[in-house]
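First the structure, in the form of structure tokens, and then the observations on it.
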Amino acid sequence: MRSNLEYATTNSRSVDLRWLWERLGQLVRALLHLGKARVLKNLGWLTGGQLAADFAAFLFFILLSRRFGPEGVGDYAFGLAVAMVGRTLVSLGVDSFGIREVATRTREEALDIVGRILGTQCWLGALYVAGCAGFLIVASASPSAIVVTGLLTVYHLSAGFVRSLFLPAFAAQRMAGPALLDSGSRVLAIIGGITVLLLGGDSLTEVLIGFPVCGVLLVTLALWQARRELGGLYLDLSPESVFAIARQAWPFAAGQVVFRLHSRADVLMLSLIAGSSATGIYAAGLKFVEVSMMVVALLALALYPTLTHLAERDEEGFGMAVTTLVKGGFVACVVLGWVIFVFVPDLIPLFFGAEFRETEWVIKLFALLVPVKGLVILGDRLMLAAGQEVRKLRFQTIATGLNVAFNGVLIPILAVEGAIIASVVSIAVNAFLLVRYLRRYSSQPLMQRMVGETSPLLISGLLGAAIAVLVGTREVWAAVAFIVSFIGATAFTGFASVMWANITQLAKRSGDSVG
């Protein structure tokens, strides 16, 4: 017969297991119910489309690397960087400015706004083409680089142009159609390029010829969708309309252009200073970071309408959103950066070929960029939701100036490593400025609490990794020990439960209750 103490211990364990089982059941039911929320539906469409396009682009990049080597990839990266600046300029920041304008207007008013934005985009496209031609001449770009840039520019100008045509659907939080059109055109262009490669195409020009064709197709389908959403469509090219839109949109557009210059200045300066081979090695490492951060960017975009409503109507709720996104986003990106640091370098030669073996060290340096880059992506959306686009632009301009200055000094000395150091330092400064400003919206001392609450997590992770190293385990198991210890500390310290409680309450405040 068991003693009372033994019975009590067994009974206590049974109660603990039942309690744990009930909590897990509640969490599963909440997650299933959360899947019905509009934010998560939109995030699913955006993420699914973007991940499909990014996976195709990643495969395309691998095949280009194996066929054309670092020099060919360098020309591709240079052309893509120039084309992306044009896409950003022509898109006019409408993902931020346009959604906010159209969301609160009638169909007739939305039709007028979209027509005026389209006219402004046409003028910006013409100015960009002239400026791009001048830049390529001054930069003494090679003929192959000029052709590659031209082909990619047609597609990316088209992709930037259609952002205004997607506005009515975005404002109504119907993001499935735009996501399918945007990602579908990109995937189709990439499939065409891969087909040419597999058929033996031996020049970048042949491989990329499908991109401008798919760009034209994207514009055609986006025009059809916009006419269906608005009941019509027109183009307002009048100077008065252009200046009116420019006065409203310039902080958003300038912010996007500065951001793009910041993110592509390293590629352009490496190409001009260190050559195509160094640019190709750098671009291979950068590709992994860009793909990993895409989910964070899409989450921020999907949350943007909700954040805007909270900022306008619920000051306390917006403060909670600031605290949750800044602290929770940083912790999630630390884990992501560590995964990239440990596991991705060994994949570089396997994917891109032996010529890219130098990229292994580049990836380890790039991993430092992930946590601060995540803070900047989330912080930028919070600033836009709060109506602080001009201040956000100021922070971006400071970071971009630092990036260009550090690149100019470090690339001639350290080449690829110098460009990475310049990016890490400038983005870290941008993240610091954003968090320092956003603390005014939080009821907590945001920066102090962020450091105080995440430091134990980092220390726990590092201790776990150190113990694993001391007992003589392999590097991969030390990395696993860090992640397990880090995530375990989020549960032990209560950090994870606080984040979950905040997310649940924010969902209820925004009308998407998780029950």
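The values are calculated or read from the model by the stated rules, or taken from the named source; none is laboratory data. Quantities reported herein were computed from a predicted structural model and do not represent experimental measurements. Cβ: placed from backbone, ideal geometry, glycine included. Neighbour counts: every protein chain shown.
Does the stretch 152-165 contain at least one residue that is more than 21 Å from residue 46 (Cβ to Cβ) and not β-branched (Val, Ile, Thr)? Among the residues of the stretch 152-165, at least one is more than 21 Å from residue 46 (Cβ to Cβ) and not β-branched (Val, Ile, Thr), which makes the answer yes. Restricting the stretch 121-149 to residues that are touching a helix residue (DSSP H, G or I) at 6+ places or on another chain (Cβ under 6 Å) and over 25 Å from residue 275 (Cα atoms), the residue that is surrounded by the most Cβ atoms within 10 Å (Cβ to Cβ) is 121.
Scan the stretch 191-202 residue by residue and report those that are within 21 Å of residue 144 (Cα to Cα) and either of a type in the set (Val, Ile, Thr) or surrounded by 15 or more Cβ atoms within 10 Å (Cβ to Cβ) (or both). Within the stretch 191-202, 192, 193, 194, 195, 196, 197, 201 meet the criteria. Of the helices (runs of 4 or more DSSP H) lying entirely inside the stretch 346-410, those carrying at least 1 residues that are more than 18 Å from residue 425 (Cβ to Cβ) and polar (S, T, N, Q) are 359-366. For the stretch 332-345, a residue qualifies if it is closer than 18 Å to residue 430 by Cα and of a type in the set (A, V, I, L, M), and exactly one does: 334. Selection of the stretch 269-302 for residues being β-branched (Val, Ile, Thr), under 19 Å from residue 359 (Cβ atoms) and under 22 Å from the mean Cα position of the chain (by Cα) yields 279, 281, 289, 291. Residues being touching a helix residue (DSSP H, G or I) at 6+ places or on another chain (Cβ under 7 Å) and among the basic types (Lys, Arg) are entirely absent from the stretch 240-252. If you take the residues in the stretch 79-119 that are small (Gly, Ala, Ser) and outside any helix (DSSP H, G or I), which one is nearest to residue 169 (Cα to Cα)? So, considering only residues that are small (Gly, Ala, Ser) and outside any helix (DSSP H, G or I), the one nearest to residue 169 (Cα to Cα) is 103. Report yes if some residue within the stretch 271-287 is surrounded by 22 or more Cβ atoms within 10 Å (Cβ to Cβ), part of a helix (DSSP H, G or I) and basic (Lys, Arg); otherwise report no. The answer is yes; a qualifying residue exists. If only residues of the stretch 391-421 that are farther than 12 Å from residue 255 by Cβ and of a type outside the set (A, V, I, L, M) are counted, the one that is surrounded by the most Cβ atoms within 10 Å (Cβ to Cβ) is 403.
Conditions tested, residue by residue: (1) part of a helix (DSSP H, G or I); (2) modelled with pLDDT of 80 or more; (3) surrounded by fewer than 17 Cβ atoms within 10 Å (Cβ to Cβ).
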| residue | (1), (2), (3) |
| --- | --- |
| 42 | yes, no, no |
| 46 | yes, no, no |
| 52 | yes, yes, yes |
| 59 | yes, yes, yes |
| 65 | yes, yes, no |
| 77 | yes, yes, no |
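Has the stretch 248-258 got at least one residue that is under 25 Å from the mean Cα position of the chain (by Cα), closer than 26 Å to residue 412 by Cα and not aromatic (Phe, Trp, Tyr)? Checked the stretch 248-258: at least one residue is under 25 Å from the mean Cα position of the chain (by Cα), closer than 26 Å to residue 412 by Cα and not aromatic (Phe, Trp, Tyr).
Does the stretch 397-456 hold any residues that are among the hydroxyl-bearing types (Ser, Thr, Tyr) and out of contact with any Ser or Thr (no Cβ under 6 Å at 6 or more places or on another chain), and which are they? Of everything in the stretch 397-456, those that are among the hydroxyl-bearing types (Ser, Thr, Tyr) and out of contact with any Ser or Thr (no Cβ under 6 Å at 6 or more places or on another chain) turn out to be 397, 400, 423, 426, 437, 441, 443, 454, 455.
Scanning the stretch 285-295 for residues that are over 17 Å from residue 260 (Cα atoms) and modelled with pLDDT of 80 or more yields 285, 292. What about residue 115, is it modelled with pLDDT of 90 or more and not hydrophobic (A, V, I, L, M, F, W, C)? Considered against the rule, which asks whether it is modelled with pLDDT of 90 or more and not hydrophobic (A, V, I, L, M, F, W, C), residue 115 comes out as no. For the stretch 89-106, the tally of residues that are at pLDDT below 75 and surrounded by 13 or more Cβ atoms within 10 Å (Cβ to Cβ) stands at 12. On the given criteria, is residue 221 of a type in the set (A, V, I, L, M), modelled with pLDDT of 90 or more and closer than 20 Å to residue 148 by Cα? In short, no.
Here the stretch 150-174 is the region considered, the condition is being modelled with pLDDT of 85 or more and farther than 14 Å from residue 87 by Cα, and the residue that is surrounded by the most Cβ atoms within 10 Å (Cβ to Cβ) is 165.
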